[in-house]
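To start, the structure itself, in structure tokens.
The values are calculated or read from the model by the stated rules, or taken from the named source; none is laboratory data. Worth saying up front: this structure is predicted, and the values here are computed from it rather than measured. Heads up, the Cβs are rebuilt from the backbone with ideal geometry, glycines too, and the neighbour counts pull from every protein chain shown. For the accessible areas, the whole protein counts, side chains as well, though only heavy atoms, and no ligand, DNA or RNA atoms are used. Shrake-Rupley method; radii C 1.70, N 1.55, O 1.52, S 1.80 Å.
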Amino acid sequence: SFTPQLAERLTQVLYQEPGLRAPILRGLKSIVECNTLVLHSTESETRKLNPVCYSVDEARDNIAHLNKQAKSWLAVLFNVFTTVEKESRAVVGDVISVWASIANESELAGAYRNVIGHLNQNIRTTVNQHGQQDQETQKMVKTTAQMLDILLLLIPYLPVPQLRESMSLCLEKGVLTHPDGTVQKLGYRILARSILRIVEMPELPEDERSTAVEKVLKETGAETEVATGAIKERLNFLAVAIPYISSTSLHLVVAHLMEAIMGVKEHSEKARKAAFELLVVMGEKMKRGGTIRLDLVEDSSDGGMNAREANVEEFINMVGASLAAEKDHTISAGVMSLSRVLFEFRDEISETSMRDITSTVYPLLGVKNREIVKSVLGFVKLTIHSLPIEIVEDQLSNLVPALFTCLTVHGHHFKVKIRHIFERLLRKFGIDEIEKHADKATENNSGAFKMIRNIKKKKERAAKKKREAAENDGSETEEARNLFKGDAFEDVIYGSESELDDSDEDEGQEKLSKSRVKEKAYKSGRRDLRGATRLRIDDDEPMDLLDGAAGKLIASNAVRRKQPGKDASKFEIDEDTGKMVIGESDSDSDDHRHAAPKQLKRSDHDVLAGAAYKESLVSVDGFTRNPNGTIKFHKDTKKRRREEMEAMDNDVEMEDAHTKGEGKRKQKQKPSRLGQEFKAKAREKIITLFILMELE
């Protein structure tokens with residue numbers, strides 16, 4: 001049985017033996033979950049889940065016995081949670097949640113008071129010592145974050161009074177204004193989870209729940225200094241709280257709208273997604289209807305109209321008001337936010353509002369700021385894809401000239417994006433309609449009309465290549481298209497790219513110089529190789545890039561795999577049986593081809609290349625580098641010259657031995673006496689002298 005003596009022994013092992021913590025924690029979690037599962041299941045389910053087949057009454061008695069030890073075990077688990085590394089806290093946190101779920105209100109309140117006491121003490125100290133970076137302050141900040149983590153685990157099981165106390169702690173004790181970003185992030189998580197806990201309590205009336213949420217939103221509206229790491233959590237907190245405010249408090253949506261708009265320009269991808277989600281949540285809340293009192297919004301310039309009717313079009317007008325900002329960064333964020341809202345609520349917007357929005361945003365293509373133009377190009381792509389065809393067709397007279405103006409102002413910076421937009425326009429409206437507006441737009445823009453004709457020419461060329469490929473293969477092959485499984489809005493904005501080949505040359509390519517043509521062909525070849533060559537994984541042998549076997553790991557055109565049976569027409573067919581006949585010459589040639597590299601010998605060029613590296617290390621003309629990168633030239637000393645002469649003599653002897661034949665063994669030379677070579681030379685001279693005398 002789970003006696004206090006066993007619990008004491010397990011506690012000592014948890015503190016003293018870190019290697020045994022994992023199995024003990026799993027056991028502590030399982031002993032509670034098994035009894036809880038039996039307690040909340042039927043008799044038939046109990047027999048399937050529990051092979052011992054103890055009854056529900058026994059499980060209830062076991063839970064009551066464990067409940068007596070819950071307070072002690074929560075204190076032990078809190079200590080273990082603060083001592084383990086950050087990567088291992090999730091396991092301990094799961095055990096804390098399981099034991100907190102079976103604890104009585106009094107025992108859970110005791111554990112909660114313990115956490116709150118440590119939290120108040122550390123927060124007060126770290127806020128007073130703001131700006132100090134000593135080790136003691138950093139330790140207190142770390143302890144504060146750990147206590148907030150534990151409080152976050154206890155919130156799903158706390159009663160209403162303690163939930164309100166937790167929210168007040170985050171709002172009033174300096175958690176949301178703490179200089180550390182981790183503390184702010186945990187504070188917003190606690191607020192979001194507390195709100196979800198409050199709105200799910202059936203014993204609270206709806207008005208009281210809405211009042212509690214609105215109070216939190218009002219008090220967090222003044223928080224302007226948000227750490228970079230806490231922006232995503234703050235946006236998630238707003239997305240959780242806004243759906244539960246009343247229809248008469250929609251001014252809180254307007255008060256936090258600018259945070260959502262500016263959030264779409266954050267560097268963090270998760271923060272941008274949270275900002276887009278918050279815009280959708282705000283739009284859904286405004287769609288339900290209500291009253292917007294602008295006189296309750298701070299910095300509101302609308303003093304004449306105190307109330308407005310809430311709907312989707314009113315919300316879009318509020319988002320579009322950011323286009324009148326002074327900063328280019330804010331205007332770009334407003335265009336991106338307007339794109340998201342327009343895509344989400346396009347079915348609830350009238351055609352008049354759509355025309356007003358497009359006529360307002362399209363002229364921004366002519367501004368000089370590239371940040372704004374980039375956002376507007378995404379908006380244009382979205383309108384062509386998502387809005388009714390009549391809306392875009394009416395604005396072609398403004399859109400086509402604006403695109404050519406953008407191409408003229410920014411040169412080739414947005415050329416690929418603009419060409420992609422024209423491809424969509426040509427596919428949707430036809431070449432005649434686009435050329436009609438392009439003629440008017442290219443009166444003062446020399447060469448801009450060539451893009452339209454070039455796109456048309458490329459489309460015809462691509463269709464011709466497709467037909468030829470189908471005829472050569474004997475069957476119609478479908479082109480692989482990109483399949484997007486992410487967010488629909490991101491698929492429209494960033495997803496589909498140009499269907500035409502970027503490596504095709506323009507109409508006036510023949511007028512370019514030869515160097516320009518070679519440079520463009522080289523770049524296009526690099527782009528083709530970028531997607532054509534892949535490295536194939538081979539676990540049997542390590543890849544040595546200096547060895548010839550490295551070529552085995554390279555698979556060209558790995559994306560385009562050969563279809564089964566495509567090369568069957570290259571083999572001969574037996575007329576009697578109908579089977580393919582594979583000749584032996586193919587296998588023989590393959591064997592010779594694979595065996596050929598083994599017969600190759602090192603060339604003189606390879607030998608010289610290796611000698612050059614060795615010479616740079618030892619010769620008097622070489623140099624070396626020390627660890628600091630300084631060059632140190634070799635000194636011309638007697639010792640170094642003698643070493644070079646000996647090395648040259650050795651090379652000459654090796655070359656002579658090599659010319660005599662590899663199969664012959666060298667004869668062992670006897671050591672010669674001092675001066676013997678001079679005696680041999682004197683003997684030769686004497687013999688030569690006698691021969692000359694005889695001839696005379």
Taking segment 117-129 and the residues there that are of a type outside the set (S, T, N, Q) and more than 10 Å from residue 150 (Cβ to Cβ), the one that is most open to solvent (accessible area, probe 1.4 Å) would be 124
Do the conditions hold for residue 272, that is, is it in contact (Cβ under 8 Å) with a residue 40 or more places away in the chain, at negative phi and not polar (S, T, N, Q)?
no
Look at segment 35-84 and say how many of its residues are at pLDDT 80 or above, not in a helix (DSSP H, G or I) and not aliphatic (A, V, I, L, M).
1
Report the residue count in segment 224-261 for those that are closer than 22 Å to residue 292 by Cα and surrounded by fewer than 16 Cβ atoms within 10 Å (Cβ to Cβ).
3
Pairs needed: first member in segment 457-472, at negative phi; second member anywhere, of a type in the set (Lys, Arg) and surrounded by fewer than 11 Cβ atoms within 10 Å (Cβ to Cβ); C-beta distance under 6 Å; at least 6 residues apart or different chains.
none
Residue that is farthest from residue 152 (Cα to Cα), among those in segment 89-116 that are open to solvent by 60 Å² or more (accessible area, probe 1.4 Å) and in a helix (DSSP H, G or I)
106
Please work out which residue is modelled with the highest pLDDT, limiting yourself to segment 408-423 and to residues that are open to solvent by 30 Å² or more (accessible area, probe 1.4 Å) and under 19 Å from residue 396 (Cβ atoms).
417
List pairs: first in segment 339-365 and under 19 Å from residue 279 (Cβ atoms), second of a type in the set (Phe, Trp, Tyr) and outside any helix (DSSP H, G or I), Cβ under 8 Å, 6+ apart or cross-chain?
none
Residue among 195, 155, 190 that is open to solvent by less than 20 Å² (accessible area, probe 1.4 Å), among the hydrophobic types (A, V, I, L, M, F, W, C), at negative phi and in contact with a Cys (Cβ under 6 Å, 6 or more places away or on another chain)
190
Within segment 361-392, which residues are outside any helix (DSSP H, G or I) and buried (at least 19 other Cβ atoms within 10 Å of the Cβ)?
387
Flagged in segment 458-485 as modelled with pLDDT of 70 or more, over 18 Å from residue 426 (Cβ atoms) and open to solvent by less than 70 Å² (accessible area, probe 1.4 Å), in numbering order, are 469, 470
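Here's the yes/no breakdown for (1) within 33 Å of the chain's Cα centre (by Cα); (2) modelled with pLDDT under 90:
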| site | (1), (2) |
| --- | --- |
| 220 | yes, yes |
| 258 | yes, no |
| 270 | yes, no |
| 283 | yes, no |
| 297 | no, yes |
| 300 | no, yes |
| 313 | no, no |
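Just wondering, is there one or more residues in segment 262-272 that are open to solvent by less than 20 Å² (accessible area, probe 1.4 Å) and in contact with a His (Cβ under 8 Å, 6 or more places away or on another chain)?
No, every residue in segment 262-272 fails to be open to solvent by less than 20 Å² (accessible area, probe 1.4 Å) and in contact with a His (Cβ under 8 Å, 6 or more places away or on another chain).
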Does segment 384-393 include one or more residues that are of a type in the set (S, T, N, Q), at pLDDT 85 or above and over 30 Å from the mean Cα position of the chain (by Cα)?
no
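One line per residue, one yes/no per condition, for (1) at pLDDT below 85; (2) of a type in the set (D, E, K, R); (3) open to solvent by 20 Å² or more (accessible area, probe 1.4 Å):
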| residue | (1), (2), (3) |
| --- | --- |
| 131 | yes, no, yes |
| 134 | yes, yes, yes |
| 144 | no, no, no |
| 160 | no, no, yes |
| 163 | no, no, no |
| 168 | no, no, yes |
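How many residues does segment 62-71 contain that are closer than 15 Å to residue 110 by Cα and touching a helix residue (DSSP H, G or I) at 6+ places or on another chain (Cβ under 7 Å)?
Number of matching residues: 4.
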Can you pull out the residues in segment 324-344 that are surrounded by fewer than 17 Cβ atoms within 10 Å (Cβ to Cβ) and of a type in the set (A, V, I, L, M)?
324, 325
